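To start, the structure itself, in structure tokens.
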Amino acid sequence: MTRQRGLSVRLKLALSYAGFLMIAGALLLAVVYAFLLRYVPAEAMASEWTFFPGRTDLVRAFVPAAAWALLFLLVFALVGGWFLAGRMLAPLTRITSATRAAAAGSLSHRIRLYGKSDEFTELADSFDAMLAQLEAHVAQQQRFAANASHGLRTPLAISQTLLDVARKDPDHDHDEVLGRLHSVNARAIELTEALLVLSRTEHGTFATERVDLSLVAEEAAETLLPLAEKRGVAIETAGEAATTIGSPALISLLTTNLLHNAIVHNLAQGGSVTLTTSSATDAVVATTAAAAAVLVVENSGSSIGDDLLATLTEPFQRGEQRARSDHAGVGLGLAIVKSVVKAHGGSMRLAARDGGGLRVTVRLPLATDAATGAPAGGSA
């Protein structure tokens, strides 16, 4: 839509100030004439000792001075109104600049209008809040696209491995390969659904149920076993049943990503991964809120420095010193895990192992027994 260029708001305000000031001056002169000059005799009176000017004499002397005063007020009002309007509209200029920057794609720009609360600061704060929400939504969409690529790559890589094995070994049991491919394909569908759920985790809209971490860990180990065998990595699962409340698909995605990272970022030969589950309670605070279902994933590997350790959960950050060149990844595995843990109200801690490698400890709220209210759990 094309608009014709009109007068600026600043000029309109300056003209308005000048107009009101001229009207006020004219009204003041009218009041002077109405309440003072009309009581003065029309003709001058003179005597031997005194002289009293008449109304005509006063008007003749007063009108030029009043005209010059009004002209001065007009110029003063225009200049002063232009200056005051500029001062008043300065916040609007900053808001306009921020709007244009946002329209150009710079959603990180903020107005940050300081000062006492008024209409302009309220408008600026509302605009900043809108930009923050837009930036968060765009970042969420970008994370979803990246997480989808990362999450779906695992079952696709497993399918490729199975197909390579079947191609190199014609005598291999094709029914077994087809069965595994069917299982991997079903898992890819589950991952897709999990990623769709993950995109809504910030709003807490996913359905929850009781999930046993020990069973999820065994399922993840069985799914990634072909990848581990290909890389010469041994997988071991141990521990007790640890039941939490959450999304089974998301918790499965969490466990699979941790195990996948542990397999890929491992020793070139003779590596190992251990998955341990347990139910932990705080001995000091004897409440169910202090209880947690704990999943610990440890893998062998080279030593990890503190600087690298602090960046592992950031998106697109990866430990290149630990990554194998044929499967370095894009650095989203632990970022996905962090998002899932946060969505379930849990916590995650990363620590470097003394002998090299990484230990990831995930704590999720422990499910309570419906009858007794005690933490659920037991020997697996």
message = Place a point 7 Å from Cα of Ser126 in the direction of its Cβ. Which residues in segment 70-92 have their backbone N less than 13 Å from it?
response = none
request  = Report the full-extension gain for the segment Gln160 to Val63: residue separation times 0.36 nm, less the Cα-Cα distance, to one decimal in nm.
outcome  = 24.9 nm
query = So, by mean Cβ neighbours within 10 angstrom, what's the order for 259-270, 126-137 with the highest one leading?
reply = 259-270, 126-137
remark   = Diffing segment 80-85: the Karplus 3J(HN,Hα) column from phi (6.51, -1.76, 1.60, θ = phi - 60°), in whole Hz with x for Gly and Pro, holds x, x, 4, 5, 5, 5
request  = Check the straight Cα-Cα distances from Lys230 and name the lysines below 24 Å, setting aside those fewer than 8 residues away within the same chain.
outcome  = Lys168
remark   = Under 5 Å from the placed amide H of Ser303, counting only residues 5+ away or on other chains, we find Gly357
Which of Ile245, Ile23, Ile251 is most accessible, then next, and so on - probe 1.4 Å = Ile23, Ile245, Ile251
message = Taking R0 as 22 Å, what FRET efficiency do you get between His137 and Tyr114 from their Cβ-Cβ distance, rounded to the nearest 0.05?
response = 0.25
inquiry  = Heavy atoms of the protein only, probe of 1.4 Å, neighbouring chains included. What is the accessible area of Thr121 in Å², nearest 10?
reply    = 10
inquiry  = How much length would be gained if the chain were fully extended between Ser183 and Leu28, taking 0.36 nm per residue of separation minus their Cα-Cα distance, in nm to one decimal?
reply    = 46.5 nm
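The values are calculated or read from the model by the stated rules, or taken from the named source; none is laboratory data. Here the structure is a predicted model, which is why all the values come from computation and not from measurement. Note: ideal-geometry Cβ built from the backbone for every residue, glycine included; neighbour counts use all protein chains shown. Protein only, heavy atoms only, side chains kept; ligands, DNA and RNA dropped before computing areas. Shrake-Rupley method; radii C 1.70, N 1.55, O 1.52, S 1.80 Å.
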